[in-house]
Structures are given as structure tokens and as C-alpha cells.
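The values are calculated or read from the model by the stated rules, or taken from the named source; none is laboratory data. For clarity, every value in this text was computed on a predicted model and none was experimentally measured. Methodologically, a virtual Cβ is constructed for each residue, glycine included, from the backbone with ideal geometry; neighbour enumeration extends over all protein chains shown.
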Amino acid sequence: MTKQTPSTSPENNPISIPQLRAVLNGRVITPDDAAYDEARAVFYGGFDRRPALIVRVEDAADVSHVIALARERGLELAIRSGGHSVAGHSTTDGGIVLDLSEMKELEIDVGRRTAWAETGLTAGEYSAAADAHGLATGFGDTGSVGIGGITLGGGVGYLVRKHGLTIDDLLAAEVVTADGELLRVDAETHPDLFWAIRGGGGNFGVATRFQYRLHQVDTIVGGMLVLPATPEVIASFVAEADAAPEELSTIANVMTAPPMPFLPAEVHGRLIIMAMLVYAGEVEAGERAIAPFRALATPIVDMVKPMRYPEIYPPEEEDFHPVASARTMFVDAIDRPSAETIVDHLQASSAQMAVAQIRVLGGAMARVPAEATAFAHRSSRIMVNVAALYERPDEAAEHEPWLAAFAAALRQGDGGAYVGFLGDEGEARIRDAYPASTSERLAAIKGRYDPTNLFRLNQNIPPATEGKTT
Ligand SMILES: Cc1cc2nc3c(=O)[nH]c(=O)nc-3n(C[C@H](O)[C@H](O)[C@H](O)COP(=O)(O)OP(=O)(O)OC[C@H]3O[C@@H](n4cnc5c(N)ncnc54)[C@H](O)[C@@H]3O)c2cc1C
């Protein structure tokens, strides 16, 4: 058997590609392969990294082999499901990318309303398959996001007020841990690990399958409503979203109107609220719930209508790789002064596009006790993400001060952070994502399942050393 060494791997750690190919059911892609450039791309355009190897795994045995390889050779290991990491954690320079995107099996048990899903599926793929039975599990606002990353972070989406976070529908998981063992985890088996993966991200192992609860969600009233973004309309929108029945979840993107054909030319470049609304319930009640939003101002665009749930995920361009910087936080209220702050900062941005995304929470999500899962921000009223989108990665420094000032101006209370939207922002921000008691518990569990911190390319929880565990 001839040996090949990928050009970027350390010389003292040669990887025998033919040997690897022989043991794997999946595909190994090296810098010498024609498919390499496409395979190394992730959703965000700012991460131009060159992994030594990309392994498109087929099954849990493959996952175990790749973990062993990374462990034995001391190579950085990036785990990728849908590739949407805001921090660029699903790619690496010189390490291995364990890519789950070809693991897409889905078994739906219609009678029990449960599904076992391989983690290479995207939210859109899962939702389309479940919709064939009039069923759904809630994920986020974008169809191409992987169920792997979004579930491990928590999952805040269009069903958050009605059915809670994605993790509130997680019944069990299969996880390959740092020692290569495949564990089935649920509330009874490895309950510590099951707790940790519901919000603790990719710190504890590679999730190969998730078992979810499904809900009857067929026809919804949903879609896009575009309103002019004055401080008055923004504050009133948030108040209406808070007062709305739990069937209604909203995402309000306050932003400069892009020059898109569905927006009238006269609003291009002006501030708008591009809101996405989902009422998961009876159509008539949905129309009643949405009426107050339509009455806030004359809508610029109103595409809210009865539709099948997965239609809320429109088709996406495959070669869309935005470059962005963002900050995530939780706030208690968006009142008139906060809305003014939003308008002022968005107007002052020099970015190609500046956005403040407002998600009013509450409902089913808030009824789960904070200590029940590693996602602990159960009582947070509103999640806000502010972002600058621009053309070239080297523009980041220009937008960073604007972003920092905007986030500081909006900050209320202890701020907090949603791990799914955290960038590469340092340890203090990871601490914002996890309150102290959650952090300590996560570190203790990390110490048990990944004591050498093999899974460290993530919002990292360093393992607690023995004696320090809780
Ligand atoms: C356009 C966009 C829209 C978004 N909208 C929402 C939203 O509405 N709601 C929301 O909650 N979040 C949202 N997010 C955040 C999203 O949930 C996170 O970025 C998530 O990590 C992406 O998952 P992924 O599998 O696509 O990403 P990947 O980049 O593949 O994975 C991200 C990280 O998660 C871990 N990971 C992923 N899969 C596995 C696995 N199978 N086993 C172990 N670890 C794994 C790894 O640490 C990996 O680095 C959005 C992100 C983007 C870019």
C-alpha cells in the first residue's frame, strides 16, 4: 500500500490516506482532490481555512475512526453538520474536518410522533419530510442550518413560544465520545451527558443521531411582513409580539432595505422591519393574532398567509457565503428609547447591510426550569442579535467599533449570550452563555467524557480537573 501525506499535515504525523480510505465507509477528501475547495467551504465567507483532511462520514463507526485519528495524531478536529457556525468552528487550518453532511437518514414514527434523525440533515430537509405527515419539530429561521449544531446549542425558532426550544423536543441522542465509544443517551441513560448536550454545544462528543418529539403542525399562518422601521413601530411591534398568543412566534429584522425586487424601489436603503411571523394553530385565530401587526403601519410588503409549515424556509442560493460580524444578547425590553437606539445605530453604520434582529421569547420555552438543560436563559424575554454584513473579511476592523458600541448601548442587566449565535469572542462571552452553576456542571461532565479536551474547536468548556468536579 503506498502512503500519501497531505501537504498541510505535520511531517512527523503522516496520515496514510489509503489506509484511512480502506477502513472508512465514507469519503476522504484531501487538498489534492478536485472536490477539495468546494468541500472546505462553510456558510460564512470569512473563513478561508485549509484542512489537511475532510472526512465525509457515513456512520458512527466512521466517526469513531476519525476521532481516533485526531486523538492519536494530535490533529485539530472540526465537527461539521450544516456548516453554519458563526465562529467558524466547523473548519480548521491543517486539522481534520469530520463532516456529517452525508448522514441524512430519517425514521419517522407517525403513531408515536417521534423521529430518529441523522445529524447531516438540515432543518429544511427534516421539516419537509415531517410535513408529509403534518408534523414538525421546531428548529430556527433558516432551512440550511444543520440540525446538529442548532440542536446542541438549544434551537430558537418559529415554534419557540408554542413548543419551546429544539432541545425541549429532544428525547434521546447517539453520541460518539472522545474515546470512540457510541453512547445512547436520554433522561435515564447517561443523564448527565443528555443534560449537557442540550445547550452545551459540541463539547462532549459527536452526535450522530437525535430522537425528537414531533408536533402536529400542518397549515400555519405565516410569512414575511415588511413595515417601516420608526422607533414607534419597532417598540409597538415588540409589545404586540409579547402580548400575542403563544401560537405566534416572531422574528423582527430591523435593517436597511436591500435592493431586492419584492421591495419597492423607494424603500431601498431605508430602514425597514422585515418580520417573519409564524402562527401555529387555526387559520382564523392566526389571522386575528396577526391583525395588530398589520395595523402598526401601512405594510410595505405583506406575504403573511396560510401555508404549510416548511414554506417558511424559502429556497436558498447555494453559493451565498456572507461575510459578517455580529453580537448576540438577551434583553428584558425594547421600549421606545431602546428602539431609538436601534434606529440611530443602524443609520450610523457604514456596512453594506446593518441589522438588529429581535426575537420575543416566553411561552413554552420559559416554562422549562433553567436548571433542566444546559441552555439556562429560560426567563430571558427577548433575544437580540446585531450584525454588520460587508463584502471583504478585511473590513471587519472597520465595523467592529460600531458593533461593540451598538451592543453596549442595547445591553440591559447581565446581557447574557445565546451560544448558537456567539462568534469567536473569547472566554468571557462563553461565560455569558452559561451562568456559573451551569458552567461548573458542564465542566464536570466535560471532565468525565472528554478529559483531554479533544473537542475544543467550539465555544469551549475546559474540563474540570478531578477534585474540582461538582
Ligand atoms: C443564517 C443563520 C441563521 C441561523 N438561525 C438560527 C435560528 O433561527 N435559531 C437558532 O437557534 N440558531 C440559529 N443559527 C445559529 C445556528 O444554530 C448555529 O450556528 C449552529 O451551530 C449551526 O449548526 P450547523 O450544524 O449548521 O453548523 P456547523 O458549523 O456544522 O456546526 C457548528 C458547531 O456545532 C457543533 N456541532 C455541529 N454538529 C455537531 C454534531 N453532530 N456533533 C457534535 N458537535 C456538532 C460543532 O462544535 C460545530 O463546530 C443560525 C445561524 C446562521 C448562520
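Cβ-Cβ contacts under 8 Å between residues 6 or more apart (or on different chains), taken from a first residue in the stretch 406-418 that is of a type in the set (Lys, Arg) and in a loop (DSSP other than H, G, I, E, B) to a second residue that is crowded, with 16+ Cβ neighbours inside 10 Å and at pLDDT 95 or above, are listed as Arg411/Met329; Arg411/Val331. Confirm whether Ala117 is in a strand (DSSP E or B), more than 10 Å from the ligand (Cβ to nearest atom) and surrounded by 19 or more Cβ atoms within 10 Å (Cβ to Cβ). Criteria met by Ala117. Between a first residue in the stretch 202-218 that is of a type in the set (Asp, Glu) and a second residue that is within 16 Å of the ligand (Cβ to nearest atom) and not in a strand (DSSP E or B), which pairs have beta carbons less than 9 Å apart while being 6 or more apart in sequence or on different chains? Short answer, once both residue conditions are applied: Asp218/Tyr309. Tell me which of these Asp93 doesn't satisfy, since it passes every other one: (1) touching a strand residue (DSSP E or B) at 6+ places or on another chain (Cβ under 8 Å); (2) more than 12 Å from the ligand (Cβ to nearest atom); (3) among the charged types (D, E, K, R). With (1) touching a strand residue (DSSP E or B) at 6+ places or on another chain (Cβ under 8 Å); (2) more than 12 Å from the ligand (Cβ to nearest atom); (3) among the charged types (D, E, K, R) applied to Asp93, the lone miss is (1). For the stretch 223-258, a residue qualifies if it is of a type in the set (Ser, Thr, Tyr) and surrounded by fewer than 19 Cβ atoms within 10 Å (Cβ to Cβ), and exactly one does: Thr230. Once the stretch 417-428 is narrowed to residues that are within 14 Å of the ligand (Cβ to nearest atom) and not hydrophobic (A, V, I, L, M, F, W, C), the residue that is surrounded by the fewest Cβ atoms within 10 Å (Cβ to Cβ) is Asp424. Only one entry of Ser64, Ser16, Ser90 meets the criterion of being among the hydroxyl-bearing types (Ser, Thr, Tyr) and surrounded by fewer than 16 Cβ atoms within 10 Å (Cβ to Cβ), and that entry is Ser16.
The single condition among (1) over 21 Å from Gly200 (Cβ atoms); (2) of a type outside the set (Gly, Ala, Ser); (3) not in a loop (DSSP other than H, G, I, E, B) that Thr151 does not meet is (1). Pairs linking a residue in the stretch 305-321 that is under 20 Å from Ala291 (Cα atoms) to a residue that is at pLDDT below 95 and surrounded by 14 or more Cβ atoms within 10 Å (Cβ to Cβ), with Cβ atoms under 6 Å and 6 or more positions apart or on different chains, are Pro306/Thr219.
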